Amino acid sequence: MASQEEVFKKLVAHCKEYGFVFPSSEIYDGLGAVYDYGQNGVELKNNIKKYWWDSMVLLHENVVGIDAAIFMHPTTWKASGHVDAFNDPLIDNKDSKKRYRADVLIEDHLAKFDEKINKECEKAAKRFGESFDREMFCQTNPRVLENVAKRDAIHARFVAALEANDLVELKQIIVDCEIVCPISGTKNWTDVRQFNLMFSTDMGSTADGAMKIYLRPETAQGIFVNYLNVQKTGRMKVPFGICQIGKAFRNEIVARQFIFRMREFEQMEMQFFVRPGEELKWFEHWKQFRLRWHKALGLGDEKYRFHDHDKLAHYANAATDIEFQMPFGFKEVEGIHSRTDFDLSSHEKYSGKNIKYFDPEINESYTPYVIETSIGVDRMFLSIMSSAYTEEQLEGGDSRVVLKLPAVLAPVKVCVMPLVKKDGLPEKAREIMNDLKFDYKCAYDEKDSIGKRYRRQDAVGTPFCVTVDHQTLEDNCVTIRHRDTMEQQRVAISDLHAIIGAEVNMKNLFKKIVE
Ligand code: ATP
């Protein structure tokens, strides 16, 4: 079996070879942690965005969208806390000269204890078979207890250090845990320092008095500063939500793992405005809704978990991540935060404008509390690609690489192929495609053997191939081939719409996620 690292390398190579993701400005050797999406990547990405957007604005009559500018007045970022507090604690290894996030080093170290505990449990489960009681085992096995105690002790110090912003203690934890640099293998560390993650640039010429502005590190603030515009012009009543999809920029230091951590990325965020005191009820509501959204894609329910935050951001009173099992472990794909009235109150203070909401039901003005759901398009893309990528051994010694993408998200839904390039078959195939293309992204392929053409479509995740042969001209039937099962069926051309539609219609997913 290939190691997870090898599988990940293959996935990255596959993304490039089949037009999903290219390194940015590759002819100049690329730009660190910046990527471009190719012809198939952009289709998949657009489908993810459509799935998200429609699940928000179609399924909720009290959620609307906006599209705010990337540039915002610089005071926005003072008010939001990003100028003063959007920092990562960094540490360098003096031998490898590599820079790391101190919190990530410690979190990775903590995860190793969980791995050890899991291994003990797996071993014992094999030994005891059916009668194995995991809970009982964990409460009594000395090796498990020892690892739990060690993990909890480090964890408690870690949380306290983060809470107190104590950089000296963070370094001390790294030293005490004897954490080594994965590159050099040494413990030769610098002190921990804070580093602001916002990119800045100048707006206007210097002669005019240029203004230092920031590239937004999150899309949320564009929603906050517009919330009253939308509320008034849309006659929205609390509770209501505003959603947005757009680019965000962070000068990430530890930029690794492909499109998992980029310097320019895309977010899909929703801010949901609620009455003060009702925020935790809505927090729970959106947590469950968002998990259903993920699970409806059918990537495997066991690949998701919630991870509650140890350290709450300066604005939050509850926060959780939805983590997905990537090839390199469970990682955050989405954050759900109860942001209190921090942002709106702060904008009110910094702008000097009254941005309170008047609630006609209780005849009161107040600053709404906010629940945020924030998901990275690129991380979602990566989670889908990594679970879809499959190498299969077939009967007869053959093998194939197939992307088992959820059919609704696949870049191309159907590829139409004439069996041969003559006898009127290409014309018939085009006729079929010209009819299907109003509804589905189609491809046409008449080159090479049918087997090779199937493999090409498997590699980009096309759920259906339709083959036109000589008999088609007589009986108006075609062969439809299903990607995952490779099963082939003879069907009437007039039935194609219904067969394809049943699989690729987003409505089927939406029905699963509404309560
Ligand atoms: P992390 O802890 O991994 O840095 P975060 O907690 O800072 O992430 P949030 O600020 O909650 O992330 O952002 C919301 C979402 O935006 C994340 O769940 C993730 O999907 C996405 N995201 C954040 N930073 C990046 C990045 N550098 N590249 C790609 N996606 C990102």
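Summary table below
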{"read-out": "Total residues in region 393-410, condition of a type in the set (A, V, I, L, M), over 21 Å from the mean Cα position of the chain (by Cα) and open to solvent by 10 Å² or more (accessible area, probe 1.4 Å)", "value": "2"}
{"read-out": "Residue count, region 257-278 (criterion: closer than 30 Å to Asn363 by Cβ and open to solvent by 20 Å² or more (accessible area, probe 1.4 Å))", "value": "4"}
{"read-out": "One residue from Glu178, Glu264 being of a type outside the set (A, V, I, L, M), closer than 25 Å to Glu5 by Cα and within 12 Å of the ligand (Cβ to nearest atom)", "value": "Glu264"}
{"read-out": "Residue under evaluation Val402, criteria (1) within 16 Å of the ligand (Cβ to nearest atom); (2) in contact with a strand residue (DSSP E or B) (Cβ under 6 Å, 6 or more places away or on another chain); (3) aliphatic (A, V, I, L, M), criterion not met", "value": "(1)"}
{"read-out": "Pair list, Cβ < 6 Å and 6+ apart or interchain, from region 370-386 residues that are away from the ligand (no atom under 13 Å from the Cβ) to residues that are assigned to a helix (DSSP H, G or I) and open to solvent by 10 Å² or more (accessible area, probe 1.4 Å)", "value": "Ile371/Trp282; Ile371/Phe283"}
{"read-out": "Every residue from region 309-349 that is touching a Lys or Arg at 6+ places or on another chain (Cβ under 6 Å) and at positive phi", "value": "none"}
{"read-out": "Unique residue being in the same structural domain as Lys10 (by TED's automatic domain parsing), of a type in the set (Asp, Glu), under 17 Å from Gln271 (Cβ atoms) and outside any strand (DSSP E or B) when the list is Glu361, Glu348", "value": "Glu348"}
{"read-out": "Residues of region 85-107 classified as under 20 Å from Lys311 (Cβ atoms), surrounded by 14 or more Cβ atoms within 10 Å (Cβ to Cβ) and among the charged types (D, E, K, R), total", "value": "3"}
{"read-out": "Residue match in region 371-378 (condition: over 30 Å from Val21 (Cβ atoms), assigned by TED's automatic domain parsing to the domain that holds Pro239 and assigned to a strand (DSSP E or B))", "value": "yes"}
{"read-out": "Residue list for region 20-40, filter: closer than 30 Å to Arg292 by Cα and part of a loop (DSSP other than H, G, I, E, B)", "value": "Phe20, Gly38"}
{"read-out": "Subset of region 233-256 [open to solvent by 10 Å² or more (accessible area, probe 1.4 Å), closer than 21 Å to Phe199 by Cα and in contact with a strand residue (DSSP E or B) (Cβ under 7 Å, 6 or more places away or on another chain)]", "value": "Ile245, Lys247, Phe249, Ile253, Val254"}
{"read-out": "Filter result for Gln288 (among the polar types (S, T, N, Q) and open to solvent by 10 Å² or more (accessible area, probe 1.4 Å))", "value": "yes"}
{"read-out": "Positions within region 115-127 being open to solvent by 60 Å² or more (accessible area, probe 1.4 Å) and charged (D, E, K, R), in sequence order", "value": "Glu115, Lys116, Lys119, Glu122, Lys123, Lys126, Arg127"}
{"read-out": "Failed item, numbered, when Val168 is tested on (1) out of contact with any helix residue (DSSP H, G or I) (no Cβ under 9 Å at 6 or more places or on another chain); (2) exposed (fewer than 12 other Cβ atoms within 10 Å of the Cβ)", "value": "(1)"}
{"read-out": "Residue in region 383-392 that is modelled with pLDDT of 95 or more, crowded, with 19+ Cβ neighbours inside 10 Å, in a strand (DSSP E or B) and of a type in the set (Gly, Ala, Ser) present", "value": "no"}
{"read-out": "Qualifying residues in region 9-53 (those that are on the phi > 0 side of the Ramachandran plot and over 18 Å from the mean Cα position of the chain (by Cα)) - the one surrounded by the most Cβ atoms within 10 Å (Cβ to Cβ)", "value": "Gly19"}
{"read-out": "Count of region 172-202 residues which are more than 17 Å from Lys98 (Cβ to Cβ) and either touching a Pro at 6+ places or on another chain (Cβ under 9 Å) or of a type outside the set (A, V, I, L, M) (or both)", "value": "12"}
{"read-out": "Residue check, Ala85 touching a His at 6+ places or on another chain (Cβ under 8 Å) and among the aliphatic types (A, V, I, L, M)", "value": "yes"}
{"read-out": "Which listed residue, of Glu323, Glu348, Glu372, is more than 21 Å from Ile48 (Cβ to Cβ) and modelled with pLDDT of 95 or more", "value": "Glu348"}
{"read-out": "Residue count for region 392-407, restricted to those that are without any contact (Cβ under 8 Å) to a residue 12 or more places away in the chain and farther than 13 Å from Thr485 by Cβ", "value": "6"}
{"read-out": "All positions within region 364-382 that are open to solvent by 10 Å² or more (accessible area, probe 1.4 Å) and either acidic (Asp, Glu) or in contact with a Ser or Thr (Cβ under 7 Å, 6 or more places away or on another chain) (or both)", "value": "Glu364, Thr367, Tyr369"}
{"read-out": "Within region 311-346, considering residues that are among the charged types (D, E, K, R) and open to solvent by 60 Å² or more (accessible area, probe 1.4 Å), the one farthest from the ligand (Cβ to nearest atom)", "value": "Lys311"}
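Listed here are the residues, each with its yes/no results for (1) touching a residue at least 12 places away in the same chain (Cβ under 8 Å); (2) in contact with a strand residue (DSSP E or B) (Cβ under 6 Å, 6 or more places away or on another chain).
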{"position": "Leu162", "(1), (2)": "yes, no"}
{"position": "Asp166", "(1), (2)": "no, no"}
{"position": "Val175", "(1), (2)": "yes, no"}
{"position": "Ser184", "(1), (2)": "yes, yes"}
{"position": "Tyr214", "(1), (2)": "yes, yes"}
{"position": "Glu218", "(1), (2)": "yes, yes"}
{"position": "Phe224", "(1), (2)": "yes, no"}
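The values are calculated or read from the model by the stated rules, or taken from the named source; none is laboratory data. Since this is a predicted model, take the numbers as computed values, not measurements. Note that we place each Cβ from the backbone using ideal geometry, even for glycine, and neighbour counts take in every protein chain shown. Note: areas computed on protein heavy atoms with side chains; ligands, DNA, RNA excluded. Shrake-Rupley method; radii C 1.70, N 1.55, O 1.52, S 1.80 Å.
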